[in-house]
Amino acid sequence: MRGATFTARIQQHLARTYALDDAPAVDDFIRPTDGGAREALLIRHADGDIEVALHLPRRAISRGGAGTFDEICQIVEGVSHFLYVAERARRELPATQLELELQAEVDKYVLLVHGDLAEEVELPGPLGRRSGAALPGPRRFEPERAARIRAHLFERVTFTDPPGTETGDRYRIANDLAARFAGRLEDEFARHGRHAELLATLRRFYAAGQTEKIALARAA
């Protein structure tokens, strides 16, 4: 895995966590962008097929795990969007924009708290690096570090689109639901070493459509 690109390693981490098979390689669909453009997944339906292009900031791609926290989150979000669309298409199921944003927020949390992405990136503030096995194997849960990452992901955020707009409200809803779901994962499973149940809940959440995803998050 170490010989793969940073984006490919993220895809491998997510695919292993959610037990996904046969997804196309994300690197084949990445289109680097310049000029301050942020992550965007472009989808076009053509003659029954889906055409996809993942736009990622060139600077973020070039820096990989050495990028800023925001750059790393953009990369994870883009790979998450790509993989989710590919999996839903494979299963011939629809995917809403809220599903995409909610799953991406959860994926960032999963990789940085319960996965091994944090071994490759420098996180903001006093978080530092850690060692330990990645999902889906058991590892030691670090409550203080998890709380700090959740704060960076879900509390210390700014939204480009204002509240009251369709896009702005969608991002805020996704952020709130993901924060609640992350808290539930920690309170019910991680703090008690119930790793198998945590992983099963993550996989159920991933396979769910929008209505069930919201219900699982709100169950916190």
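The values are calculated or read from the model by the stated rules, or taken from the named source; none is laboratory data. Predicted, not measured: the structure shown is a model, and the values here were computed from it. Cβ atoms come from the backbone with ideal geometry, glycine included; neighbour counts cover every protein chain shown. Accessible surface is based on the protein model in full, side chains and every heavy atom, while ligands, DNA and RNA are left aside. Shrake-Rupley method; radii C 1.70, N 1.55, O 1.52, S 1.80 Å.
Annotations
- Computed over the chain, Kirkwood Rh from alpha-carbon pairs, angstrom: 17.7 Å
- When the charge dipole of the chain is built from unit charges on Cβ atoms (+1 for Lys and Arg, -1 for Asp and Glu) and taken about the Cα centre, the candidate among ALA89, ILE43, LEU198 whose Cα reaches farthest toward its positive end is LEU198.
- Fraction of beta bridges assigned by DSSP in the chain that are antiparallel (%, nearest 5): 65 percent
- Across ARG58, ARG145, ARG44, mean-square fluctuation computed from a Gaussian network of the chain (C-alpha pairs under 10 Å connected) peaks at ARG44.
- Highest GNM mean-square fluctuation among GLY48, GLY164, GLY64, for the chain modelled with Cα contacts below 10 Å: GLY48.
- Helices assigned as whole DSSP H runs in the chain whose Cα atoms extend at least 15 Å along their own long axis and whose mean Kyte-Doolittle hydropathy is 0.0 or higher are found at 69-90, 195-207.
- Each 10 Å bin from zero holds the following percent of Cα-Cα pairs in the range 24-116: 16, 48, 30, 6, 0.
- Mean separation of Cα pairs under 8 Å and 6 or more residues apart, divided by the residue count, gives the chain a relative contact order of 18 percent.
- In the context of the full set of protein chains, residues of the chain present 48 Å² of accessible surface per residue (probe radius 1.4 Å, heavy atoms only).
- Under a Gaussian network description of the chain, with springs only between Cα atoms under 10 Å, the residue in PHE159, PHE69, PHE29 that fluctuates furthest is PHE159.
- Sequence-distant residues sharing a close amide H with ILE30 (under 5 Å, placed H): LEU54
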